[in-house]
Amino acid sequence: MTFVNPQFFWTMLLPLMVFTYFILTHQDRFVQIFDEKVLKRLSVHDDALPLVVRNLLLILAIFFMIVSMARPVVDHGDRTVQLEGLSVAIALDISGSMRSQDIYPNRLEFAKKKINQLLDTLPNDEVSLIAFAHASFVLAPFSSDKATLKLLVEGVDDKYINMSSTDFSALGNFSVELLEKKEPKILILFSDGGDKEDIAEFAQIVKENNIALYVVLVGSKEGAPVIGADGKPITQNGKIAITQRNDDLGEVALNNNGAFVVADTGNRDIQDLVTTIKAQHHSKNKGEVVIHDREELFYYPLGLGLVFLLVGFSSLPRWRFKAERD
């Protein structure tokens, strides 16, 4: 057994020893310090515990509390812990069509909610966040800190939306670089779809680089008006522009070792997607960390000290028996 904080012995035991000496050998000094009435109130009378015993109990209580603060431990030495999990890149579509309000409150906010659900189901995995439209950029590098990742997702608001068309080819090339050293390479895409020709080129990039693609489709097949930055529908040639969900992106996922779901208001969709991902990919070793393994023992002297303290401050009446008269 060793002590993590042995300095407590040197800093506190010496004052305790001096205090003990004066308590046990100079009790009459207290009569000179305290007023007689005050001393009478502080003194214990008609008690089963003698004053000397009570003082010893309080001193023992202080001693064991000092031992507890010194933090006794059984040292088992260094231990290597393997860190396992998947590395996943999550890409969020921030193109102009994501302002459409065919799902409440709009496609972007709904996709953000689904990403947070996804993060909750990946507690031991590392995740990187990407935002994409005409260009792609990293919102967060690979991290296992889900609380921070959620804050970054919440920070993506209407100001991020780019009215340019979605460039899936750029996203594909960007994902190849981001996932270059990861195995397996997993990309989860939150989008309402895109142009068929652009999606075909994206599919080729994903296939050539062995990226497992999973897609969460947002929006409706019926479609909704495209909303501009001013909150009003955008018109083209005098007609309101309508954007519909394109399920071709889901087909690309199925053809590239992945799967897709259409996002709904529950959480079953995300759970099913994660179950599929876990079933298709075994967690890979992400590295190892060396920890110092210690078995804490401080609660034993602390508990003993509290017991002595409780008994020392308790008032135990003396039992008296009257002699029976004949």
So which residues in the range 67-98 are in contact with a Ser or Thr (Cβ under 9 Å, 6 or more places away or on another chain) and not hydrophobic (A, V, I, L, M, F, W, C), if there are any at all?
-> P72, D75, E84, G85, S87, D93, S95, G96, S97
Residues within the range 163-175 that are surrounded by fewer than 17 Cβ atoms within 10 Å (Cβ to Cβ) and more than 18 Å from E197 (Cα to Cα), tallied = 1
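Among what's in the range 279-326 and is of a type in the set (G, A, S) and surrounded by 14 or more Cβ atoms within 10 Å (Cβ to Cβ), pick the residue that is modelled with the lowest pLDDT.
Going through the range 279-326, the residues of a type in the set (G, A, S) turn out to be 279, 283, 287, 303, 305, 312, 314-315, 323.
Still in the list and also surrounded by 14 or more Cβ atoms within 10 Å (Cβ to Cβ): 305, 312.
On the way: G305: 89, G312: 80.
Checking each candidate, the answer is G312.
Looking for something closer than 26 Å to D272 by Cα and buried (at least 19 other Cβ atoms within 10 Å of the Cβ) - is there at least one such residue anywhere in the range 151-159?
Looking through the range 151-159, at least one residue is closer than 26 Å to D272 by Cα and buried (at least 19 other Cβ atoms within 10 Å of the Cβ).
Among the residues of the range 133-143, is any assigned to a helix (DSSP H, G or I) and either assigned by TED's automatic domain parsing to the domain that holds K221 or more than 26 Å from G266 (Cβ to Cβ) (or both)?
Within the range 133-143, the subset assigned to a helix (DSSP H, G or I) is none.
Checked the range 133-143: no residue is assigned to a helix (DSSP H, G or I) and either assigned by TED's automatic domain parsing to the domain that holds K221 or more than 26 Å from G266 (Cβ to Cβ) (or both).
So, restricting to helices (runs of 4 or more DSSP H) that lie completely within the range 21-99, which ones have at least 3 residues that are more than 30 Å from I161 (Cα to Cα) and modelled with pLDDT under 70? So that I can check it myself, show each step before the final result.
On the way: elements: 29-33, 36-42, 51-69.
The qualifying helices (runs of 4 or more DSSP H) are 29-33, 36-42.
May I ask you to verify whether D125 is farther than 23 Å from D272 by Cα, of a type in the set (D, E), at pLDDT below 95 and surrounded by 14 or more Cβ atoms within 10 Å (Cβ to Cβ)?
Values: farther than 23 Å from D272 by Cα: no; of a type in the set (D, E): yes; at pLDDT below 95: yes; surrounded by 14 or more Cβ atoms within 10 Å (Cβ to Cβ): yes.
It is false that D125 is farther than 23 Å from D272 by Cα, of a type in the set (D, E), at pLDDT below 95 and surrounded by 14 or more Cβ atoms within 10 Å (Cβ to Cβ).
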If you take the residues of the range 84-124 that are charged (D, E, K, R) and within 21 Å of P141 (Cβ to Cβ), which of them is nearest to the chain's Cα centre (by Cα)?
-> D120
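The values are calculated or read from the model by the stated rules, or taken from the named source; none is laboratory data. Owing to the predicted nature of the structure, the values given are computational and were not obtained by experimental measurement. Positions of Cβ are generated from backbone atoms using ideal geometry, with glycine treated the same way; all protein chains shown enter the neighbour counts.
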